[in-house]
Amino acid sequence: MSGNLVTYLRERREPVTAAELAAEVLKLQNVPEAVAARLIASLLDREKEVDRVGEDSFVYRAAPASGLALPSWLICCVLPERASHWRDWQGAACTLLQGGRRQRLEGSGSRDGLGWPERLRSLLRSIDEAEAGIPLVFSGFGNQISLFRQAWLDLLNRPLDRPLLSMRLIAAGLFSGQRIGSAEEMAAALGTPAWSDAEIGQMNEQLLLFWEHLLAELAVRGIDSPLELAASMAAAAPEIDLSPYAFDAAFLQALPATPGVYLMRDRAGAVIYVGKAKNVAQRVKSYFAPGVEPDAKLTEIRGRLHRLEIREVGSELEALLLEQRMIASCDPPINRQIAVQPRPHRRRSRHARILILPAVAPEWLRLFFLDPARGSAHFWLARRYGRSSEAPPCHRHWLEVDGRSVKALLRSRSALRRAVQDFFWNEGAAGDPAAAEIAWSWLGEQTEAIHGIDMRLAAAPAEAVRLIEEYRQRLGEWHEKIIFT
């Protein structure tokens with residue numbers, strides 16, 4: 001209740017009578033002024049940022065201005081703060097704090113009735129339009145910062161290049177003698193109220209209040225430059241001790257920034273967890289990022305992990321499918337603890353098609369056959385026939401879990417024709433239904449055209465082969481855009 005009163009006073013920024021507060025915030029009508037004054041005074045008794053003016057008025061006392069040499073901040077929050085994926089968020093908000101003024105950033109989705117994740121994409125674009133270099137500030141609780149980075153990469157198709165700050169880490173550096181493990185504990189350290197089951201707008205307001213008080217505390221401590229702020233955060237976030245593991249920081253730094261699957265093994269060599277990533281380096285490093293508040297899953301991984309293995313592949317779809325196959329083969333115990341939520345298929349209709357994606361080795365292409373009735377099958381297609389090129393490295397990764405994949409190397413036109421005919425024209429053909437479901441879901445999330453062949457345009461295997469070969473011969477470099485779907 002007092003939080004709503006503080007929010008109302010903060011928005012007004014001028015003395016407000018107790019009668020007005022009772023009527024507008026508490027929804028109490030015709031309350032005598034003396035009664036209203038006593039009621040409001042009792043509710044605001046412990047609110048340090050509110051002053052009483054005379055007998056019956058109250059005013060919000062803004063936190064003192066900070067000397068920190070960055071006048072603008074983007075205060076961001078998401079709900080829930082801890083999630084398995086950004087798709088699990090139920091809301092997101094961001095406010096530009098600039099020169100003491102506030103501007104709530106809105107995406108077009110809030111007005112146009114778009115669903116999630118289009119609403120989030122629209123908000124990210126609004127954030128992207130803000131002046132370059134303005135830091136993004138989060139509460140720092142949960143895994144919201146790492147998921148925000150991933151959402152930016154997935155929805156805007158490029159890495160996030162703004163500075164990111166964690167209020168929790170800054171508070172931990174300022175109040176080293178206190179535990180800052182929750183919003184309630186940070187609120188206690190700052191002398192502010194904490195939210196409880198707040199909706200996204202209230203949570204954003206609370207974070208703005210936190211940040212004002214943190215800036216004030218930084219000013220009191222004489223921290224008045226971004227460099228000193230970074231030093232304060234570093235002091236609160238020591239590097240993760242990698243000595244229990246069979247890899248070091250150099251190994252993490254050398255990880256490829258490409259799609260892939262990673263296997264985590266214990267000291268006995270057993271696989272305890274299998275994960276996939278569109279960017280292996282970014283994902284794996286997130287497990288060992290300093291200052292990350294570990295949840296139960298991360299705590300178990302850090303406690304049991306000894307060795308890391310990477311399986312680099314050519315596309316995110318291949319990473320998804322290889323992960324699914326390796327989980328089924330290895331049955332890792334930590335994967336069994338994770339609930340998998342079904343995702344709706346959007347935008348892409350289900351019809352027979354061949355997806356043409358890159359492989360790890362440039363001499364090869366990756367073919368994924370999809371059919372609603374048959375499921376899915378996958379192949380590697382040599383870019384140039386008649387050459388005894390070695391199988392791509394990702395082919396060996398599939399051999400670990402599927403010995404049949406050795407038949408999936410197509411080195412000639414006749415081999416390609418047989419594969420197309422056997423899958424799409426053989427009435428008894430059967431693929432992998434589970435892999436097809438993953439592929440349909442992945443297709444539904446793509447916002448750009450996917451390289452491939454619409455099999456509704458092919459009346460016979462020879463016509464499908466002609467389309468594929470035209471594609472293969474004209475493609476040249478993979479970044480050349482030739483789209484048949």
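Assorted remarks:
- The amide H of Arg383, built 1.01 Å from its N in the peptide plane, has Trp364, Leu365 as neighbours under 5 Å, considering only residues 5 or more places off or on other chains.
- The relative contact order of the range 254-327 comes to 46 percent, based on Cα pairs under 8 Å that sit 6 or more residues apart.
- Anisotropy class of the range 249-336 from Cα gyration tensor, a/c 1.5 cut: oblate
- Under the Karplus curve 6.51 cos²θ - 1.76 cosθ + 1.60, θ = phi - 60°, whole-Hz ³J(HN,Hα) for the range 316-321, x wherever Gly or Pro sits: 5, 4, 5, 4, 4, 6
- Arg267, Arg311 arranged by Cβ crowding within 10 Å, fewest neighbours leading: Arg267, Arg311
- The range 353-475 shape via C-alpha gyration tensor axes, a/c threshold 1.5: rounded
- Here the range 1-58 and the range 126-199 have alpha carbon centers that stand 30 Å from each other.
- In terms of its C-alpha gyration tensor, the range 257-296 comes out oblate, because a/c is 1.5 or above while a/b does not outweigh b/c.
No value in this document is a laboratory result; all are computed from the given coordinates. Remember, it's a predicted structure, so these values are computed and weren't measured experimentally. Neighbour counts are summed over all protein chains in view; Cβ atoms, including those assigned to glycine, are modelled from backbone coordinates with ideal geometry.
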